[in-house]
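Step one of this worksheet: look at the structure below.
The values are calculated or read from the model by the stated rules, or taken from the named source; none is laboratory data. All values reported here derive from a predicted model rather than from experimental measurement. Virtual Cβ from ideal backbone geometry, glycine too; neighbours counted across all protein chains shown. To get the accessible areas, we keep the full protein, side chains included, count just its heavy atoms, and leave off ligands, DNA and RNA. Shrake-Rupley method; radii C 1.70, N 1.55, O 1.52, S 1.80 Å.
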Amino acid sequence: MASGPAESFVSLCWVWWGGGRCRWAVGRRGRGSVKKIHYILVLFVFFAGDITQKGYEKKRAKLLAPYIIHIHTPVEPPPQNDVQPPAPSSSSSSHAPPPSSSSRYRERRSHIHTEAVQAALAKHKEEKMALPMPTKRRSTYVQSPIETRTPPDSSSGSEDETSVRRQSSVVAPQPPVNPNLQSPDSWINRSVQGSSTSSSASSTLSHGEAKPQPQMSSIVSPAAPSQNSAPPPDVTAVAHPARGPRVDLPSNAVVRGMSRGQSRSSMMETADGVPVSSRVSTKIQQLLNTLKRPKRPPLSEFFTDDSEEIVEVPQPDPNTPKPEGRQIIPVKGEPLGVVSNWPPALQAALARWGATQGKSPALTALDITGRPLYTLTYGKLWSRSVKLAYTLLNKLGTKNEQILKPGDRVALVYPNSDPGMFWVAFYGCLLAEVIPVPIEVPLSRKDAGISQVGFLLGSCGVGLALTSEICLKGLPKTPTGEILQFKGWPRLKWVVTDSKYLTKPSKDWQPHIPTANTDPAYIEYKASKEGTVVGVAVSKVAMLTHCQALTQACNYCEGETLVNVLDFKKDMGLWHGVLTAVMNRIHTISVPYAVMKACPLSWVQRVHIHKARIALAKCRDLHWAMMAHRDQRDTSLASLRMLIVADGANPWSVSSCDAFLNVFQSHGLKPEVICPCATSPEAMTVAIRRPGVPGAPLPARAILSMGGLSHGVIRVNTEDKNSALTVQDVGHVMPGALMCIVKPDGPPQLCKTDEIGEIIINSRAGGNMYYGLPGVTKNTFEVIPVNANGVPIGEIPFVRSGLLGFVGPGSLIFVVGKIEGLLMVSGRRHNADDLVATALAVEPVKTVYRGRIAVFSVTVFYDERVVIVAEQRPDASEEDSFQWMSRVLQAIDSIHQVGLYCLALVPANTLPKTPLGGIHISDTKQFFLDGSLHPCNILMCPHTCVTNLPKPRQKQPGTFGVGPASVMVGNLVAGKRIAQAAGRDLGMIEDQDLYLTEALQWRAQTDPDHVLYVLLNAKGVTVSTASCVQLHKRAEKIAAALTEKGSINTGENVVLLYPPGIDLIAAFYGCLYAGCVPVNVRPPHPQNLAATLPTVRMIIDVSKAACILTTQNLMRILRSKEAAASVNIKTWPTIIDTDDLPRRRPPQIYKPPTAEMIAYLDFSVSTTGMLTGVKISHAAVSALCRSIKLQCELYSSRQIAICLDPYCGLGFVLWCLASVYSGHQSILIPPFELESCLSLWLSTLSQYRIRDTFCSYSVMELCTKGLGTQTELLKVRTKHRLKLKVLMIAVFVFQARGVNLSCVRSCVVIAEERPRLALTHSFSKLFKDVGLSSRAVSTAFGSRVNLAVCLQGTTGPDPCTVYVDMKSLRHDRVRLVERGAPQSLPLMESGKILPGVRVIIVNPETRGPLGDSHLGEIWVNSPHNASGYYTIYGEESLQADHFNTKLSFGDPQTLWARTGYLGFVKRTELLDASGDRHDALFVVGSLDETLELRGLRYHPIDIETSVSRAHRSIAESAVFTWTNLLVVVSELCGSEQDALDLVPLITNVVLEEHHLIVGVVVIVDPGVIPINSRGEKQRMHLRDSFLADQLDPIYVAYNM
């Protein structure tokens, strides 16, 4: 920050106050440290929202104004611990029950995870740095429309959860615990006095003011004082106390290098190279300072990349905790009792109750308001089920053809709001002995996981679907009224099961009810972690046994009432509420999801009204009821004897249960009633806590170290309370079951007693198989555990439950997570639910919706990376969201010791949902990977979490393998052939001393009417021609005008300012006739004078031009008012209009005394942004023209077509010089005419039967992309929908126009870069069917020191393509690989070396020659080398180094010119014209453009190619570095809502393919990346614009 001149500078400090309040303090600069002042001001910059420095200064001055008068009495900031607790909210405290002494520990437990998070964040309160906040265009942040009502799982708790805050409480330190104590009893806290951290999503809730807490158990580590609200932390680093303060930097440094149209003093930068006028660059500097800390793991664990082998994963830390207990012994459940009245089959139970208890209620359904809609009795259930069974077996199809047979699979499609129809359908299928497959109701083709449901139906062979009439009407339909065919679904026949459509069976028909056997009874669907939906088949005996086991474990009795809040189609809702309920004649009250959204307390009301004995719910339902309890004060839960928590296996469920008990204990809820359980679709019920006895001790709790859990071992948390996890037991194993704990990875080896593993079950009451998937079935349902030696412990098969846990004292089962939610990061296990809980514990929770957070991992760079996606509330500001994301990153890093890779916030109601409102994780992950998530805020942290990058390479001397100490034997160096190649000899030329002026005069005399040039317009019509004599006479007129009007002396420079045409050619030869030195300059663009005219002015000034030759239109532009706004038009040199010159001849035509004199100056802006002019002598011009003539076989009878910009390089030579020298006719096509008619160039080739043509990459790309657009228009206009590819349609267009390119023998792309293989291949493929030969397209290569090194001629071998290893290329080595090999890069030969040209590959550091297939700088020796740079600064040393340099050994006499390009020479098997083996030159890239990152050399085009492939919306991209950060700029061709999707995709692809971490991602509009006339990206101009805040980006992301 620049310091002001006044000594009484006032600093503004933002001091964080308790509960999120702040206090402003003003003090003299001398009273505070420079570091604190700098941090506060920078923090203000990032959160103020102003982009420019000017805006920042204005806002700062405005805010400081009220405090200037108080400078003499500064207010000191309060101490950090001076926290003022806010008063509790009256709305919440008035209804909160007075906490009893037995409930105080529960209240503390409900807050314990929030305290842990706040304590973790408080560590970074004193020292931190401001994080660069993303820059976003306002239009990018578009909130999605909010639905009519937000579900209560996300918003109902937002008011209460932060309205009441507790005071900080200090717990006395506890005596140390022996860390070596590994007894299972030490994991469990048997007392009821408290527990440690519970990572609960609802642990941030508080109900009533907290009271002083009793001392915790000795197993709990002492709690640190909580912080009510911590300031935004440093996400990636902890500033070291010893680090010095950040000093304000001076703003008087000057930028090194000069950009186009900008003076050397126009951009100011700090001492670190950051322009002070740029807020963007300031953020980059902040990011750099933030990343200055070592990353985990320690450096010793990093691996070294040898560039030849694939990257390896770091070895695990030897200090990793390992299990030390004995091998676990299988745990056996209580015996399954035999009861005399248990039915032989479940259908028999229904038949019994339907006959004997017909009026007994079986099911009560509720309407949307929560009131009873209907009651289904057992009599009605039995009769309707029998009618359905009879209809299915006898009334579908014809009499002779029965559609359904016993054993067929039938889909049940019923909404969650209609349980009665489902019950009838399910039991009707059982009675008909067909297998029901319950699925969710499809709403549209875009439903989450809809195609995977089709996979389930297909694997199960389902061809018939049962549904209700109302549901059938609501299904999406085609315009003809048919049911929509959903993606991936088999063809289904739909059957309505309403009573009016069923047939009453005859009196003699009775359903067959066999004794339960091993045949499948039903199939329950299950979605895997990857999103695949499979069907778990449950046999009839397993279904019956499971009901018996649940009856025994839960002590179900006849006639009880059960309230079911769960989904009745699967899992606990089906097992308890549909199957076991019928077996025991239980009255089930089904509360659908829609009712819970409207009235979250409805299930509690049903318990109160019906005096229900059992309730089935999830933690979500407990949370909703708890938040709405104040609306119902007279509800009573005293009748409940069992509250079964279906997701009680989740570690964070403990605090939800505690908080619910704390609220409803005053309503009669007993502590022993809460019964968590553990279930899975495969093993069904694994364990359940039995109903307790009143007055008995509360269940046990385990207080575990999260660090130990991440390594799969059980360790007591005794050191850091913040990283402790409290889990509750899920009771004992089910009756009749046998349980083991095995390792989740590899063979099913038994775990040790202090080891976390997967729970496997052997029981008759479990799933049998994945229906239709025998291969997957064996790995899950037929597991044989083995001991440490790999020997099976028996022959009994077990079933994998997918639950991770351990066995505690008393054979209690503890579950700490699921395999599906397991994230393996760097060899450590992390539970997705724990990360969700930590994220929700970061206050304020008002930023995101509760229950709408997805946590998953993606594989990037050989490891799993954690991604969190949450739905953002519409009222959350960007600053609040960014602050919340920053604190979540720090909390997870501190508590879980894992770094987040990406944290994204999406608009409300945009994440894919499951049918019951949960987040569909696999679809969310797929959206993230596909770039269709559309986040509104995103924060990438690859710098902090990617710790397995290879070590930065340390360059060693002799890296290239060949140096001065090598031994030379002939043409061999270090055992390899010297990498050199040469074109054929120019030979003895009779006219070798012929100047171009003499050539033109000779042709005007010998063949005056021969047409040399033909200029076409956009319509393909000839607008002007020039024969030999016409060109000669026009040149004479211009020479006379220069002598008379301009008073030009011989040797003075004259600027040629013309559009592409014959006027430019005539002016060039007029200057040569007059003895002047022409300087060709691109004219300014009339619509963009402010950007283009300064470049013209710069070249005029640098070249010291004495005169300007131009047209009337351009002369008016140069003297216009618009031009005066950009440059000083009064100081133009003499301007001569050449449109209407009188017929005059010069006194004489100038002839240079020597051929080494300068013929013209060639000015060009390089891709690095440097304006360079080179001197081209007359001898070089003649040699170059002669070389091109021989290579391309150009003679007077030949025609060539040129579609190039004629202002510099080889394009100017072909446009202006070659025809005069060789005598061939050149058809000139200005490239800008293609904007009006894309087919102009190709139509001309066909019309004139051109054999040789020259173009630029921009022209080729314009034709390729433009024709794609035309073909799309053609497809729209075509009435028949021909299923043709775009390429075929493009061919059709050209065939219709009569275009035939079979005449084209060579199409050469003129460029100074690596050949664009993808573009040339696309062009060849696109026009193959209109006659273009695949051998025709080739490339040329030139540079500033030599305008034409390579050019594909008419003879010789075709250009060859090789594949090199990219990893070796980064180490300046070339390793050839096969096509399709990993990390392979295709490179095409850059044309044949021109006659008279010699090239050699040289080490740019040692300047010694290299061996064959070694990467080095291309040096060239040729008679048409440029003479040197034209400069006004007298940089003789630079000129000698580039144009007249010598090898350090080998051939020290030859003078070489350095092209500045890296490449290599490879001897091929092909033969050249002389019969020798052909030496191919491959250009890799410009040496000045290479990026030196991590000690490796990267070429921008490689990274840009990868980025362009990352997403369909990326039109173009460019990369550059700034202060060691890689910056990627991508043009967005799609909607702006795709902008933030590109950030993780770009980061991923660069990390995967190039092993680099992107520092900044910039998303801009199409056309922002500057490209010159040759189609080359101007990356340095782009960098300057970015740092000067001139890009107007859509989004700028700063990766942490």
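Yes or no, residue by residue, for (1) assigned to a helix (DSSP H, G or I); (2) open to solvent by less than 10 Å² (accessible area, probe 1.4 Å); (3) under 15 Å from residue 1505 (Cα atoms):
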| site | (1), (2), (3) |
| --- | --- |
| 1543 | yes, yes, no |
| 1546 | yes, yes, yes |
| 1550 | yes, yes, yes |
| 1563 | no, yes, no |
| 1583 | yes, no, no |
| 1592 | no, no, no |
Would you please list the contacts, defined by Cβ atoms under 9 Å and residues six or more apart or on different chains, that run from a residue in segment 454-483 that is among the acidic types (Asp, Glu) to a residue that is modelled with pLDDT of 90 or more and open to solvent by less than 10 Å² (accessible area, probe 1.4 Å)?
-> 469/497
Residues (among the charged types (D, E, K, R) and under 36 Å from the mean Cα position of the chain (by Cα)) located in segment 440-476 | 440, 445, 446, 447
Kindly indicate whether residue 1312 is under 30 Å from residue 1349 (Cβ atoms), at pLDDT 90 or above and open to solvent by less than 50 Å² (accessible area, probe 1.4 Å).
-> no
Within segment 920-947, residues being surrounded by fewer than 23 Cβ atoms within 10 Å (Cβ to Cβ) and either small (Gly, Ala, Ser) or assigned to a strand (DSSP E or B) (or both) number 3
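Within segment 360-410, restricting attention to residues that are hydrophobic (A, V, I, L, M, F, W, C) and open to solvent by 60 Å² or more (accessible area, probe 1.4 Å), which residue is farthest from residue 512 (Cα to Cα)? Step through it out loud before you land on a result.
Let us first name the residues in segment 360-410 that are hydrophobic (A, V, I, L, M, F, W, C), namely 362-363, 365-366, 368, 373, 376, 381-382, 386, 388-389, 392-393, 396, 403-404, 410.
Now restrict to residues that are open to solvent by 60 Å² or more (accessible area, probe 1.4 Å): 368, 373, 403.
Values: 368: 38, 373: 32, 403: 18 Å.
Among those that are hydrophobic (A, V, I, L, M, F, W, C) and open to solvent by 60 Å² or more (accessible area, probe 1.4 Å), it is 368.
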Identify all residues within segment 534-554 that are in a strand (DSSP E or B) and open to solvent by 10 Å² or more (accessible area, probe 1.4 Å); write none if there are none.
-> 534
For residue 589, the lone unmet condition from (1) in a loop (DSSP other than H, G, I, E, B); (2) within 14 Å of residue 564 (Cα to Cα) is (1)
Working only within segment 1521-1541, note down all residues that are over 15 Å from residue 1591 (Cβ atoms) and part of a strand (DSSP E or B).
-> 1521, 1525, 1526
Go through the residues of segment 793-806 one by one and say whether even a single one is in contact with a helix residue (DSSP H, G or I) (Cβ under 8 Å, 6 or more places away or on another chain) and more than 27 Å from residue 702 (Cα to Cα).
-> yes
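Working only within segment 1194-1240, note down all residues that are of a type in the set (Phe, Trp, Tyr) and closer than 21 Å to residue 1010 by Cβ. Break it down stepwise before answering.
Keep residues of segment 1194-1240 that are of a type in the set (Phe, Trp, Tyr), which gives 1195, 1207, 1212, 1215, 1221, 1232.
Hits for segment 1194-1240 are 1195, 1215, 1221.
Among the listed residues 630, 620, 606, identify the single one that is touching a Ser or Thr at 6+ places or on another chain (Cβ under 9 Å), surrounded by fewer than 22 Cβ atoms within 10 Å (Cβ to Cβ), outside any strand (DSSP E or B) and basic (Lys, Arg). Steps first, please.
Details: 620 fails: surrounded by fewer than 22 Cβ atoms within 10 Å (Cβ to Cβ); 606 fails: surrounded by fewer than 22 Cβ atoms within 10 Å (Cβ to Cβ).
The conditions single out 630.
Residue by residue, here is whether (1) at pLDDT 95 or above; (2) in a helix (DSSP H, G or I); (3) touching a strand residue (DSSP E or B) at 6+ places or on another chain (Cβ under 6 Å) holds:
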residue	(1), (2), (3)
1164	no, no, no
1196	no, no, no
1202	yes, no, yes
1265	no, yes, no
Restricting the search to segment 633-649, which residues are open to solvent by 20 Å² or more (accessible area, probe 1.4 Å) and under 24 Å from residue 724 (Cβ atoms)?
-> 647
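Kindly check whether there is at least one residue in segment 1093-1110 that is among the polar types (S, T, N, Q), over 16 Å from residue 1159 (Cβ atoms) and in contact (Cβ under 8 Å) with a residue 40 or more places away in the chain. Steps first, please.
Within segment 1093-1110, the subset among the polar types (S, T, N, Q) is 1095, 1103, 1110.
Next cut, over 16 Å from residue 1159 (Cβ atoms) only: 1095, 1110.
Subset that is in contact (Cβ under 8 Å) with a residue 40 or more places away in the chain: 1095, 1110.
For segment 1093-1110, residues among the polar types (S, T, N, Q), over 16 Å from residue 1159 (Cβ atoms) and in contact (Cβ under 8 Å) with a residue 40 or more places away in the chain: present.
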Sort out which residues of segment 1374-1399 are of a type in the set (Asp, Glu) and either in a strand (DSSP E or B) or open to solvent by less than 50 Å² (accessible area, probe 1.4 Å) (or both), and write them in order of number.
-> 1389
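Looking at residue 1127, is it β-branched (Val, Ile, Thr) and crowded, with 22+ Cβ neighbours inside 10 Å? Step through it out loud before you land on a result.
Numbers: β-branched (Val, Ile, Thr): yes; crowded, with 22+ Cβ neighbours inside 10 Å: no.
Judged against the criteria, residue 1127 is not a match.
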Filtering segment 1455-1487 down to residues that are assigned to a loop (DSSP other than H, G, I, E, B) and in contact with a strand residue (DSSP E or B) (Cβ under 6 Å, 6 or more places away or on another chain), which residue is surrounded by the fewest Cβ atoms within 10 Å (Cβ to Cβ)?
-> 1472
